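The values are calculated or read from the model by the stated rules, or taken from the named source; none is laboratory data. As the structure is a computational prediction, the values presented were derived from the model and not from experiment. All Cβ positions, glycine included, derive from the backbone under ideal geometry; neighbour counts span all protein chains shown.
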Ligand code: BGC
């Protein structure tokens with residue numbers, strides 16, 4: 001008889017995460033809509049035109065799926081460009097659309113977590129300088145005040161900005177997100193302005209709703225020296241970690257933001273974290289390389305023996321999740337894993353990836369790290385930014401033309417875990433026997 005299981009604390013949140021632009025379709029007014037129209041910006045000239053048709057109401061069937069699969073939480077985002085199509089003009093229908101989503105979740109006993117900015121912003125905002133100028137702070141604050149007033153009664157978990165560090169890198173270093181710049185100093189300025197906008201949003205949400213619990217989702221990527229005995233590799237890995245992973249975290253903790261060239265006091269940011277969202281996908285080895293100045297002379301690569309995802313985008317390194325949570329728990333903030341997942345259309349790797357990362361999460365919980373929930377990326381395949389529809393992160397496969405959703409084996413695996421609030425040896429054995437053998441060696445032998 002196989003009985004071993006990893007049990008999670010009562011009330012643990014289990015869900016998936018999504019972002020407005022990636023699932024809604026019909027975006028007409030954001031910077032991404034304009035970006036997609038430019039030749040060469042998105043692989044295969046794919047667009048988000050239909051996305052997962054949430055705008056047409058298909059969020060209802062997706063929330064039904066989530067509920068049937070035992071999810072008790074859902075992270076989604078609201079689209080600023082839809083809510084405020086022109087500066088200071090609010091779109092009542094857009095606000096109604098989001099109220100309907102939150103009501104639909106609550107009717108299914110699913111706790112919502114709402115992200116206010118997930119990589120997209122109104123085109124008008126970008127034309128005024130976007131996050132490059134401090135003028136972004138009152139503009140974001142005004143938008144957040146409006147959202148808090150209109151939706152605040154339906155949600156208490158608020159995520160101000162998704163992955164400010166990944167946004168800074170994609171939009172201002174790699175240039176693959178709008179506005180497509182390659183400028184490290186500007187990237188740092190944007191990172192600082194967003195930090196101040198986050199603080200303004202934090203205070204605005206608390207002023208509007210005493211019950212609000214506000215955090216942000218930090219992308220935490222593992223950076224390790226490719227050659228641990230070679231100091232230049234260690235130097236590059238250290239600085240990538242400090243500036244990319246830790247910039248905001250340290251600033252919110254200490255009230256000082258460290259930039260490449262200077263350190264700036266940001267007293268209004270101090271303590272603006274009721275919970276920290278950890279988005280963890282993978283780990284890089286970093287080799288010192290003078291040809292990579294914008295990445296602080298660090299060339300990133302996966303380890304030769306890493307198990308890679310379908311397109312080589314992600315290396316499975318679950319120990320990195322445990323490590324990231326361990327490093328973050330020192331700050332004392334409650335935490336959620338707000339994203340974790342892998343692109344894998346055939347679902348060859350996902351069951352093992354999911355199980356191994358959830359084992360790392362369970363280990364973190366057992367170490368008393370204050371982690372309260374997990375949001376897988378994502379429920380349904382969705383529009384993957386500059387990679388278009390070439391990457392499939394869904395527990396459910398999406399046929400974009402017919403909009404038919406088909407559960408992958410991982411959807412069933414995840415549903416069993418959510419319903420049980422635990423991973424049993426028996427579940428692991430059915431979905432990923434090699435992983436079961438390492439997770440539950442005794443139990444599997446006995447079975
Ligand atoms: C982003 C998502 C994205 C996912 C997979 C995350 O960094 O927040 O929007 O779809 O990665 O690429």
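Given the structure, is residue 375 within 12 Å of the ligand (Cβ to nearest atom), crowded, with 23+ Cβ neighbours inside 10 Å, over 22 Å from residue 40 (Cβ atoms) and touching a residue at least 40 places away in the same chain (Cβ under 8 Å)? Give the derivation first.
Values: within 12 Å of the ligand (Cβ to nearest atom): yes; crowded, with 23+ Cβ neighbours inside 10 Å: yes; over 22 Å from residue 40 (Cβ atoms): yes; touching a residue at least 40 places away in the same chain (Cβ under 8 Å): yes.
Yes: the conditions hold for residue 375.
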Go over the candidates 3, 10 one by one and state the one that is closer than 30 Å to residue 442 by Cβ, at pLDDT below 95 and surrounded by fewer than 21 Cβ atoms within 10 Å (Cβ to Cβ). 3
For segment 13-32, how many residues are away from the ligand (no atom under 16 Å from the Cβ), in contact with a helix residue (DSSP H, G or I) (Cβ under 9 Å, 6 or more places away or on another chain) and at pLDDT 95 or above? 3
Do we find that residue 70 is part of a loop (DSSP other than H, G, I, E, B) and touching a residue at least 12 places away in the same chain (Cβ under 8 Å) in this structure? yes
Do you know which residues across segment 224-237 are without any contact (Cβ under 8 Å) to a residue 12 or more places away in the chain, assigned to a helix (DSSP H, G or I) and either in contact with a helix residue (DSSP H, G or I) (Cβ under 9 Å, 6 or more places away or on another chain) or surrounded by fewer than 16 Cβ atoms within 10 Å (Cβ to Cβ) (or both)? 231
Inspect segment 250-271 for any residue being within 16 Å of the ligand (Cβ to nearest atom) and in contact with a strand residue (DSSP E or B) (Cβ under 7 Å, 6 or more places away or on another chain) and give the result as yes or no. no
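Quick one: is residue 248 under 19 Å from the mean Cα position of the chain (by Cα), touching a residue at least 60 places away in the same chain (Cβ under 8 Å) and part of a helix (DSSP H, G or I)? Explain how you work it out, then say what you get.
On the way: under 19 Å from the mean Cα position of the chain (by Cα): yes; touching a residue at least 60 places away in the same chain (Cβ under 8 Å): yes; part of a helix (DSSP H, G or I): yes.
Answer is yes for this residue.
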Is one or more of the residues making up segment 178-196 within 16 Å of the ligand (Cβ to nearest atom), out of contact with any strand residue (DSSP E or B) (no Cβ under 8 Å at 6 or more places or on another chain), in contact (Cβ under 8 Å) with a residue 40 or more places away in the chain and not in a helix (DSSP H, G or I)? yes
